[in-house]
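Participant: Encoded as structure tokens, here's the structure I'll be asking about.
The values are calculated or read from the model by the stated rules, or taken from the named source; none is laboratory data. Small disclaimer: the values here were computed from a predicted structure and weren't measured. No Cβ is skipped: glycine too gets one built from the backbone with ideal geometry, and neighbour counts run over all protein chains shown. Each accessible area value is taken on the protein alone, full model and side chains, heavy atoms only, with ligands, DNA and RNA left out. Shrake-Rupley method; radii C 1.70, N 1.55, O 1.52, S 1.80 Å.
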Amino acid sequence: MPRSLVHGPAPALAAWRRTAPCEIAVSKSSPWAAFVDTASPLDLPEGLQQTVLRGRPALGLCVTDMDSTLIEEEVIDELARRAGRFEEVAAITEAAMQGALDFEASLRRRVRALAGTSASVLAEVRGAVRLRPGAERLIRAVHGMGGRAGVVSGGFIEVVGPIAEALDLDFAHAHRLQVANGRLTGQIEGPIVGGPEKASTLRRWASEAHVPQDATLAVGDGANDLQMLKAAGLGVAFCAKPKVRAAADVCLDVPQLDGVLYLWGLDDERIDEAASRG
């Protein structure tokens, strides 16, 4: 039977359930999500979303963005905070993620603002960032299903790399900041990891892992993630900017990262079983 996922704030979902005209299976561990046995449009109150689920192959590759997706912070903003340039850099970051500024030009402006800052701030920020709730469960479940997982970031490998290693990710790709005499130079080494690079990276990792396109899942929040989301079998706009929400296959506005697996069509029993193996 065709199914939908109804998701949104737990109080709104609980209130709607009392009058819902269809069979509902509510997740005990995620009270903001419910599987509903219908593909027909539902009359939902404001704040709830319906995503019609379709049959998908086994998940072979999950690729996430880093900042504001896999972690809660924007790393460059946190670096700028410690460099005394937070307000200036954060405004540029927000405009870039909304799609109002070219990503490469905005990134180079923000990195230049860090010039002269002690490289020790990288370790400080690395120790301060917080994983999104559900991030570890997501990765364990993907591995438990025999899939691969990676992070591709417009941020910096000095922070991305250790987090990817701690999560046992299979792949990681990000910029590298140039350092001289123990201080950031305000320059980036290597290619810019913007929209085109993110999409090509997903395709490359899928090819290396022999995963077909329709078995790939991508998750991101900013305008520079759009090409990656479109390159995947399922692209999820996660707590995303309006431009991204409008263009992605599906949206998830609850900041619970393992919830993207519901959108793939997996319920808690299957996710928990896979996570226990991962």
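Participant: Looking only at the stretch 129-164, which residues are open to solvent by 50 Å² or more (accessible area, probe 1.4 Å) and part of a helix (DSSP H, G or I)?
Facilitator: GLU136, ARG140, PRO162
Participant: Let me ask something else. Can you pull out every residue in the stretch 131-177 that is under 23 Å from GLY194 (Cα atoms), of a type in the set (Asp, Glu) and touching a helix residue (DSSP H, G or I) at 6+ places or on another chain (Cβ under 9 Å)?
Facilitator: Answer for the stretch 131-177, where residues must be under 23 Å from GLY194 (Cα atoms), of a type in the set (Asp, Glu) and touching a helix residue (DSSP H, G or I) at 6+ places or on another chain (Cβ under 9 Å): GLU158, ASP170.
Participant: Just to be sure before I move on: is ALA237 of a type outside the set (Asp, Glu) and out of contact with any Gly (no Cβ under 8 Å at 6 or more places or on another chain) in the structure I sent?
Facilitator: no
Participant: Next question, about the same structure. What about ALA172, is it modelled with pLDDT of 95 or more, within 30 Å of ARG277 (Cβ to Cβ) and not in a helix (DSSP H, G or I)?
Facilitator: Criteria met by ALA172.
Participant: If you don't mind, another one. Can you find a residue that is under 20 Å from the mean Cα position of the chain (by Cα) and of a type outside the set (Asp, Glu) anywhere in the stretch 77-88?
Facilitator: Within the stretch 77-88, not a single residue is under 20 Å from the mean Cα position of the chain (by Cα) and of a type outside the set (Asp, Glu).
Participant: How many of the residues making up the stretch 110-125 are part of a helix (DSSP H, G or I) and surrounded by fewer than 17 Cβ atoms within 10 Å (Cβ to Cβ)?
Facilitator: Total meeting the criteria: 4.
Participant: Then there's this: Restricting to the stretch 165-187, name every residue that is within 26 Å of SER207 (Cβ to Cβ) and either aromatic (Phe, Trp, Tyr) or open to solvent by less than 10 Å² (accessible area, probe 1.4 Å) (or both).
Facilitator: Once the filter is applied, which keeps residues that are within 26 Å of SER207 (Cβ to Cβ) and either aromatic (Phe, Trp, Tyr) or open to solvent by less than 10 Å² (accessible area, probe 1.4 Å) (or both), the stretch 165-187 yields PHE171, HIS175.
Participant: What helices (runs of 4 or more DSSP H), lying completely within the stretch 1-102, carry at least 1 residues that are buried (at least 20 other Cβ atoms within 10 Å of the Cβ) and not aliphatic (A, V, I, L, M)?
Facilitator: Passing ranges, in order: 75-83, 86-98.
Participant: Continuing with this model, one more query. Has the stretch 62-79 got at least one residue that is in contact with a strand residue (DSSP E or B) (Cβ under 6 Å, 6 or more places away or on another chain) and more than 20 Å from ALA240 (Cβ to Cβ)?
Facilitator: no
Participant: Within the set of pairs 6+ apart or on separate chains, which have a first residue in the stretch 99-125 that is in contact (Cβ under 8 Å) with a residue 40 or more places away in the chain, a second that is open to solvent by 50 Å² or more (accessible area, probe 1.4 Å) and of a type in the set (A, V, I, L, M, F, W, C), and C-beta atoms under 6 Å apart?
Facilitator: Partner pairs satisfying both residue conditions: ALA119/VAL179.
Participant: Out of ASP267, ASP214, I need the residue that is in contact with a Gly (Cβ under 8 Å, 6 or more places away or on another chain) and under 30 Å from LEU48 (Cβ atoms). Which one?
Facilitator: ASP214
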